[in-house]
Amino acid sequence: MRLRDKVAIITGGASGIGRACAILFAREGAKVVVGDIDAGGGQETVRLIGDGGHAARFVATDVTVARDAERLAQETLDAFGAVHAAVFTAGIIRYGTVVDTPEDVWDRVIDVNLKGIFLCAKYVIPGMVASGGGAIVNTSSAAGLVGAANQCAYDAAKAGVVNLSRQMALDYASAKIRVNCLVPGGIDTPMSRAFIAERHARLEDVARNWGAMKRFGTAEEVAQVALFLASDEASFITGAPIVVDGGFTAH
């Protein structure tokens, strides 16, 4: 098992990529703490992990609130005594150009997708330093590399995550903390399905023309990459945006 005796925090763990990461990390030996604003979904993730015979707990977390991020880090240390890995997947998407996006919508998207990573890292890193180092995996999007029409706040936030990850990698390499950035695109998650349904389309129909591989990826496929980045197998990788998009950005 690649994470035997490790402790991992997963934000956004109530569904999608976060849930897939939480379940996979537990299967690979980690004690997992799931943070999410969705208590029902988060508890369900913990139940699924427990059904597999692994240890996990849920901490209600709004990643935009400093005291929640601090509590997530502290409860992890209180429960398991260390933190060795963190995958920050919590995110939302809203649509609009710079002209028609309301200021409060802009603020909310930036807060969840970018500030949320800043706050969680702020409070997780000291415990990770005390644990002897570890790995952080931030979650961006293909829209953070190439842009996508009609989602100015989301694109800006996700581009910020890419460079924040590089910056964090430089600051904490000396503390034996690696920081990398997942860049998924076209993944079959509840958020993707909701986005496509709003446009009166089916995910399966859109996926037939997506990227070089002509399909959407699964949350589990992204989780496998997150696992690699969190494990010792990625010991010489830091500050890197890792694209998991079926060839979409290759266009």
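The values are calculated or read from the model by the stated rules, or taken from the named source; none is laboratory data. Everything numeric in this text was worked out from a predicted model, so none of it was measured. Quick reminder, even Gly has a Cβ in these numbers, built from the backbone with ideal geometry, and neighbours come from all protein chains shown.
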Response to the item:
Filter segment 148-182 for residues that are under 19 Å from the mean Cα position of the chain (by Cα) and without any contact (Cβ under 8 Å) to a residue 24 or more places away in the chain; the one that is farthest from Val109 (Cα to Cα) is Gln167
Discussion item. Just to be sure before I move on: is Tyr154 touching a helix residue (DSSP H, G or I) at 6+ places or on another chain (Cβ under 7 Å), on the phi < 0 side of the Ramachandran plot and crowded, with 17+ Cβ neighbours inside 10 Å in the structure I sent?
Written reply: yes
Worksheet, complete the sentence: Only one of Ala121, Ala201, Ala156 is within 26 Å of Glu220 (Cβ to Cβ), out of contact with any Ser or Thr (no Cβ under 6 Å at 6 or more places or on another chain) and not in a loop (DSSP other than H, G, I, E, B), namely Ala121
Fill in: Failed item in (1) of a type outside the set (Asp, Glu); (2) over 30 Å from Ala148 (Cβ atoms); (3) assigned to a loop (DSSP other than H, G, I, E, B); (4) touching a strand residue (DSSP E or B) at 6+ places or on another chain (Cβ under 8 Å), with Ala73 passing the rest
(3)
Response to the item:
Taking segment 210-247 and keeping residues among the small types (Gly, Ala, Ser), assigned to a loop (DSSP other than H, G, I, E, B) and under 23 Å from Gly12 (Cα atoms) leaves Ser231, Gly239, Ala240, Gly246
Practice prompt. Say whether the condition of being at pLDDT 95 or above and aromatic (Phe, Trp, Tyr) is met by at least one residue in segment 90-104.
Written response: no
Worksheet entry | Residues satisfying the stated conditions in segment 49-67, i.e. without any contact (Cβ under 8 Å) to a residue 24 or more places away in the chain and assigned to a helix (DSSP H, G or I) | Gly50, Asp51, Arg67
Worksheet item: Which of the residues that make up segment 197-251 are of a type in the set (D, E, K, R), at pLDDT 95 or above and surrounded by 14 or more Cβ atoms within 10 Å (Cβ to Cβ)?
Response: Glu220, Glu221, Asp245
Worksheet item: Going by the structure shown, is Ala90 touching a residue at least 60 places away in the same chain (Cβ under 8 Å) and either in contact with a His (Cβ under 6 Å, 6 or more places away or on another chain) or part of a helix (DSSP H, G or I) (or both)?
Response: no
Practice prompt. Give the residue that is surrounded by the fewest Cβ atoms within 10 Å (Cβ to Cβ), with candidates limited to residues of segment 170-196 that are more than 15 Å from Ala143 (Cβ to Cβ) and among the hydroxyl-bearing types (Ser, Thr, Tyr).
Written response: Ser174
